[in-house]
Amino acid sequence: MNNITTEWLQSVEVLQDVPVDQLQWLIDQSELLTIPAGGFLFKSGDPLASTLFIISGLVRICRVLNDNQAQEIARFEDKYIIGYLPFSRGLTASVHCEAIVDTLIMRFPIGKMNELIRNYFELTQALVHVMTDRVRNYAALVQQNEKMVALGKLSAGLAHELNNPAAAVVRGAVSLKKHLHLLPESFKDILSIRMSPEDVDIVNDRMFAVLNRADKPVLSLLDRSDKEDELTDWLDDHEITNSVELAENLVDFGFTEEDLESFKEHIPTAHLSAVFMWINNNLVTEKMVTDIEEASSRIAHLVGSIKTFTHMDQGLEKQLTDIHSGINNTLTILQYKIRKGNVEVVERFDRDLPQILAYVGELNQIWTNLIDNALDAMEPNQKGVLEIYTLREGEYIQVCIIDNGPGIPEATMSKIFDPFFTTKEVGKGTGLGLDIVHQIIRHHRGNINVSSEPGRTAFVVHLPING
């Protein structure tokens, strides 16, 4: 296409209602250029000197990372308008725009913009609509990008957290299956036992009474070893087979020598070994089932935390929520990172705080970004301490997240809430997290303050109780 026509411009949706004479004026003031594949329409840092209409071809928008690598964030085809627009405050490009294939553009110079605004209302109005759409789409794009980055971090942590209990369930199930296959051998000994129904009930009831004790002692390694030796000696004295393994299991469940004497009173001497092996089989089964139950509960807890964190099955309206629920769920999801960094978490929560009216999913983004940043900030070779405070200040609740990292340099303090500003290594941060946090807090009519010095950086969030 060597010449552009008003009919073609009217095929661009945003320009379809602009009068023909205005479109002809636009054509007369513009020039056609072909940008070869790999060429740039503009680069980050270049002055925005013109409005660019893509006539044919394909371009990509890239943001520049800290090591000058380009990360693609969008692609645009023909009939898209980029570059400077009326009333825009941005005079410098913040991204690269590169032609993927040979691309034909119509370039309208910024020097004619004042004349356009003064004399061509409908054309100006159409281009302003382009700008508002661009701002809206850009905001949605960066928020989605930040959510995907956060989701990637959470997924990695969650995978680590789920791996251990899932493996424990598999191990427990395999061990339990093998254990159940061994029971028929001991079943022969059980069949030969001659005991009264009353004694059987007493032994059975006492076994479960010990299993259900709530005040089982917590033993040190030395105390445990002494206890096992004591029970092993008792079992050997009464010629009970497999005494060492049996003693270990009995100690696990809090059995004492007095308990064994109590059992002995109701078991014929000839059948002591068989009955205690039956008790041991029950203990082993109980231990395996308990391990599987605890691992399964851990998985259920993690899945529940993720569900609450992402606010699944909920509407998009403000809801009353306990601020601590979201913070605790965030800590659960980031638990792997906390343990890996050897970070101590200090919680000082005011449990009397009222519920607040808020967008729950958005609040969780605040806690995730602030806590994740705090964990990243702490020195890997020293003991990290993450402190989280909550309290009430009038009609606001305050959440304070403090880390003992090296602090934020004074030169960068004023930039930390700017979009795309990051001090993290390439691939570890988008520079969008704190910008998103700032937007969400403003959306809730709250505010955020930060103070920093070596060894103490504090982000303080204020959110209104009644939304």
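The values are calculated or read from the model by the stated rules, or taken from the named source; none is laboratory data. Computed from a prediction, not measured in an experiment: that's the story for all the values here. Glycine also receives a Cβ, built like all others from the backbone with ideal geometry; neighbour counts cover every protein chain displayed. To get the accessible areas, we keep the full protein, side chains included, count just its heavy atoms, and leave off ligands, DNA and RNA. Shrake-Rupley method; radii C 1.70, N 1.55, O 1.52, S 1.80 Å.
Just one of S297, S273, S262 is open to solvent by 50 Å² or more (accessible area, probe 1.4 Å) and small (G, A, S); which is it? Before you say what the answer is, go through the steps one by one.
Working: S273 fails: open to solvent by 50 Å² or more (accessible area, probe 1.4 Å); S262 fails: open to solvent by 50 Å² or more (accessible area, probe 1.4 Å).
Exactly one of S297, S273, S262 is open to solvent by 50 Å² or more (accessible area, probe 1.4 Å) and small (G, A, S), namely S297.
Okay, residues lined up against (1) under 30 Å from E198 (Cβ atoms); (2) part of a loop (DSSP other than H, G, I, E, B); (3) at pLDDT below 80:
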site: V210; (1), (2), (3): yes, no, yes
site: S225; (1), (2), (3): no, no, no
site: I240; (1), (2), (3): yes, yes, no
site: E245; (1), (2), (3): yes, no, no
site: E248; (1), (2), (3): no, no, no
site: V251; (1), (2), (3): yes, no, no
site: L260; (1), (2), (3): yes, no, no
site: I267; (1), (2), (3): yes, yes, no
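In the set L65, L58, L85, only one residue is surrounded by fewer than 18 Cβ atoms within 10 Å (Cβ to Cβ), under 41 Å from the mean Cα position of the chain (by Cα) and within 25 Å of T5 (Cα to Cα); that residue is L58. State whether one or more residues within the range 378-394 are crowded, with 22+ Cβ neighbours inside 10 Å, over 19 Å from the mean Cα position of the chain (by Cα) and touching a residue at least 12 places away in the same chain (Cβ under 8 Å). No, the conditions are met nowhere in the range 378-394.
For the range 109-127, the criterion of being more than 32 Å from the chain's Cα centre (by Cα), within 20 Å of Q24 (Cβ to Cβ), of a type in the set (F, W, Y) and assigned to a strand (DSSP E or B) is met by no residue. If you go through the range 241-251 and pick out every residue that is buried (at least 16 other Cβ atoms within 10 Å of the Cβ) and either of a type in the set (A, V, I, L, M) or over 10 Å from K227 (Cα atoms) (or both), you end up with 6.
Name every residue in the range 281-295 that is within 37 Å of the chain's Cα centre (by Cα), of a type in the set (A, V, I, L, M) and under 11 Å from L176 (Cα atoms), in order of residue number.
Start the filter on the range 281-295 by keeping residues that are within 37 Å of the chain's Cα centre (by Cα), which leaves 285-295.
This time we only want the ones that are of a type in the set (A, V, I, L, M), so: 288-289, 292, 295.
Of everything in the range 281-295, those that are within 37 Å of the chain's Cα centre (by Cα), of a type in the set (A, V, I, L, M) and under 11 Å from L176 (Cα atoms) turn out to be M288, V289, I292.
Restricting to the range 388-420, and then to whatever is acidic (D, E) and not in a loop (DSSP other than H, G, I, E, B), can you tell me which residue is modelled with the lowest pLDDT? Give the derivation first.
First pass over the range 388-420, keeping only residues acidic (D, E): 393, 395, 403, 410, 418.
From what is left, the residues that are not in a loop (DSSP other than H, G, I, E, B) are 393, 403, 410.
Values: E393: 92, D403: 94, E410: 82.
Residue satisfying both the conditions and the ranking: E410.
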